[in-house]
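Please treat every number below as a calculation from the coordinates, not as lab data. This structure is a prediction, so every number in the text was calculated from the model and none was measured. FYI the Cβ positions are ideal-geometry reconstructions off the backbone, even for glycines, and counts take in every protein chain you see.
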Amino acid sequence: MGQTVLATIDLTKKYKEQTALEHVNLVVEKGDIYGFIGQNGAGKSTLLRIVTAMARPTSGSVRLFGESSEAGLIEARKRVGAIIESPALYPDMTARDNLEVHRLLRGIPGKACISKALALVGLQDTGKKKAKNFSLGMKQRLGLAIALLGDPELLILDEPTNGLDPGGIVELRELVKELNRELELTILISSHILSELHQMATKYGIIHEGRLLEQMTHEQLNEKCKQHLRIRVDDPSKAATVLEMELGTQDYEVLQDGTIKLYSLYHDVRRVSMALTSSGLVIEYFAPDGDDLESYFTKRVGGGFHD
């Protein structure tokens with residue numbers, strides 16, 4: 001278990017009769033790229049707004065860098081950079097001038113942080129070009145530069161790929177991975193674009209209708225989605241012997257109900273079925289199984305994802 005950077009404890013948020021968050025216990029550890037996954041309206045932005053003090057919870061609490069008191073959280077939030085919803089940009093100003101305004105508003109001493117932040121996101125050579133003339137991808141990177149002012153230890157990004165073209169999404173993804181790797185920056189990133197999160201996240205949280213359904217590592221997610229042959233026979237113990245002695249594999253598991261999940265030989269269906277039947281086993285069920293990411297999450301939340 002690593003050092004906990006962010007934890008929510010039974011976090012609940014209600015708007016009159018509507019519950020946006022219900023007893024959410026989320027944990028982000030130092031060094032994570034935490035992919036926060038859910039449909040639009042699932043509660044992602046509400047949680048991020050509470051963490052960044054843009055909203056208050058109905059009940060429950062937030063702990064940042066070990067601090068949970070009101071005074072402690074004020075200090076802890078100085079160690080957080082965030083883009084919630086659209087970046088707050090001044091369209092008639094250059095990238096450098098935008099950062100200067102935000103530096104002064106936040107009371108960050110010295111101007112060296114401006115050049116550093118622009119270099120980190122690749123905007124150091126935009127010169128006198130005004131933000132209103134930036135592409136959407138450049139605007140997103142400028143917002144990221146603003147969030148990086150003050151050298152935060154936790155970076156929070158709410159749906160940062162919204163509206164970006166495929167090239168912009170790839171650029172942002174690689175930038176997030178680089179910031180995590182080079183600066184050892186912990187990152188909490190929300191999205192409903194599962195394929196993108198899968199290419200950068202080290203840990204995941206699935207939220208649906210305000211409830212956190214599951215938290216898991218990248219490796220655990222891959223295991224859940226692993227392709228396999230699902231087999232049911234009249235004698236699972238004998239089938240296990242056949243798999244090991246005749247087919248030479250131990251890459252399988254026997255579930256409590258006797259179902260066998262065979263991970264190796266996935267594409268050699270004929271060889272597996274012949275080995276089982278020639279040993280006198282009665283095959284009750286035999287079929288390829290396993291989820292891709294989209295189907296796994298769809299099954300988990302009981303419905304599709306929406307843009």
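Starting from 0.36 nm per residue, how many nanometres of slack lie between ASN222 and ASP151 once their C-alpha separation is accounted for?
Numbers: separation 71, 0.36 × 71 = 25.56 nm, distance 3.26 nm.
Contour length minus Cα-Cα distance gives 22.3 nm.
Amide H to amide H under 5 Å from ALA20: which residues, 5+ apart in sequence or cross-chain, H placed 1.01 Å off N in plane?
LYS13, LYS14, TYR15
Using a cut-off of under 11 Å, list every residue of segment 199-242 whose amide N is near the label point 7 Å from the Cα of GLU284 along the Cα-to-beta-carbon line.
Those under the cut-off are 232-236.
Classify segment 227-290: rounded, prolate or oblate, from the alpha-carbon gyration tensor (a ≥ b ≥ c, eigenvalue square roots; a/c under 1.5 rounded; otherwise prolate if a/b is larger than b/c)? Let's see the in-between values first.
On the way: a/c = 1.24, a/b = 1.07, b/c = 1.16.
Rounded.
Modelled label-to-label distance, TYR90 and LYS78, 7 Å Cα→beta-carbon offset: nm?
With each label point 7 Å from Cα toward Cβ, the separation is 2.4 nm.
When Lys and Arg each count +1 and Asp and Glu each count -1, what net charge do the other residues less than 10 Å away from VAL24, Cβ to Cβ, add up to?
Details: positive: LYS13, ARG211; negative: ASP10, GLU22.
Counting the neighbours of VAL24, the net charge comes to 0.
Could you list ARG230, ARG270, ARG141 in order of exposure, starting from the residue whose Cβ has the fewest other Cβ atoms within 10 Å? Please list the in-between numbers first.
On the way: ARG230 15, ARG270 8, ARG141 25.
Listed from fewest to most nearby Cβ atoms, that is ARG270, ARG230, ARG141.
How many nm is it between the label spots at SER115 and ASP251, if each spot is 7 Å from the Cα in line with the beta carbon?
With each label point 7 Å from Cα toward Cβ, the separation is 5.3 nm.
So, counting K/R as plus one and D/E as minus one, what does the shell of residues with Cβ under 12 Å around LEU276 add up to?
Working: positive: ARG232, LYS238, ARG270, ARG271; negative: ASP234, ASP235, GLU246, GLU284.
Around LEU276, the charge tally is 0.
Which net charge results for the neighbourhood of PRO109, defined as the other residues with beta-carbon distances under 15 angstrom from its beta-carbon, given Lys and Arg at +1 and Asp and Glu at -1?
Numbers: positive: LYS78, ARG103, ARG106, LYS111, LYS116; negative: GLU100, ASP151.
Local net charge: +3.
So how do ARG271, ARG103 line up by other beta-carbon neighbours within 10 Å, fewest first? Provide the component values of the computation, followed by the final result.
Values: ARG271 12, ARG103 19.
Ascending number of Cβ neighbours within 10 Å: ARG271, ARG103.
Using unit Cβ charges (K, R positive; D, E negative) and no other charged atoms, how large, in debye to the nearest 20, is the dipole of segment 4-222 about its Cα centre?
Details: 27 positive and 27 negative charges, 148 e Å.
In total the dipole reaches around 700 debye.
Find which of LEU175, VAL28, LEU247 sits farthest along the positive direction of the dipole of the chain, computed with +1 on the beta-carbon of Lys and Arg, -1 on that of Asp and Glu, about the Cα centre.
Ranked along the dipole, the leading option is LEU175.
Based on Cβ point charges of +1 for Lys and Arg and -1 for Asp and Glu, what charge dipole magnitude is obtained for segment 1-102 about its Cα centre, in debye rounded to the nearest 20?
Values: 12 positive and 12 negative charges, 36 e Å.
In total the dipole reaches around 180 debye.
What is the spin-label model distance, in nm, from SER69 to MET54 if the labels are put 7 Å beyond Cα along the C-beta direction?
Going by the 7 Å Cα→Cβ label model, 2.8 nm.
Binning at 10 angstrom from zero up to the longest distance, how are the C-alpha pair distances of segment 1-108 distributed in percent?
All Cα pairs considered, the percentages come to 12, 39, 31, 16, 1.
If you put +1 on each Lys and Arg Cβ and -1 on each Asp and Glu Cβ, how big is the dipole of segment 122-257 around its Cα centre, in Debye rounded to 20?
Here segment 122-257 has a charge dipole of around 900 debye.
Considering every Cα-Cα pair within the chain, what fraction, in whole percent, is farther apart than 33 Å? Don't jump to the answer; show the numbers that get you there.
Details: 18105 of 46971 pairs.
For the chain, the fraction of Cα-Cα distances above 33 Å is 39 percent.
What is the distance in Å between the Cα centres of segment 86-127 and segment 19-81?
26 Å
My understanding is that a pair violates if its Cα-Cα distance is over 27 Å; which of LYS139/LYS177; LYS30/LYS130; LYS203/LYS226 do that in this structure? Kindly include the intermediate steps, with their values, before the conclusion.
Values: LYS139/LYS177 19 Å; LYS30/LYS130 36 Å; LYS203/LYS226 17 Å.
Among LYS139/LYS177; LYS30/LYS130; LYS203/LYS226, the Cα-Cα distance tops 27 Å for LYS30/LYS130.
Order by neighbour count: LEU73, LEU123, fewest other Cβ atoms within 10 Å first, most last.
On the way: LEU73 18, LEU123 21.
The fewest-first ordering by Cβ neighbours comes to LEU73, LEU123.
Which whole-Hz ³J(HN,Hα) couplings does segment 21-26 yield from phi under the Karplus relation 6.51 cos²θ - 1.76 cosθ + 1.60, θ = phi - 60°, glycine and proline marked x?
Coupling constants for segment 21-26: 9, 10, 6, 8, 10, 9 Hz.
For a quick protection proxy, order the peptides 165-178, 248-261 by their average other-Cβ count within 10 Å, most packed first. It would help to have the intermediate numbers written out before the result.
On the way: 165-178: 16.1, 248-261: 13.0.
In descending order of packing, they fall as 165-178, 248-261.
Could you tell me which residue out of TYR263, THR161, GLY137 lies farthest along the dipole of the chain toward its positive end? Charges go on the beta carbon: Lys and Arg +1, Asp and Glu -1, centred on the Cα centre.
It is GLY137, whose Cα lies furthest towards the positive end.
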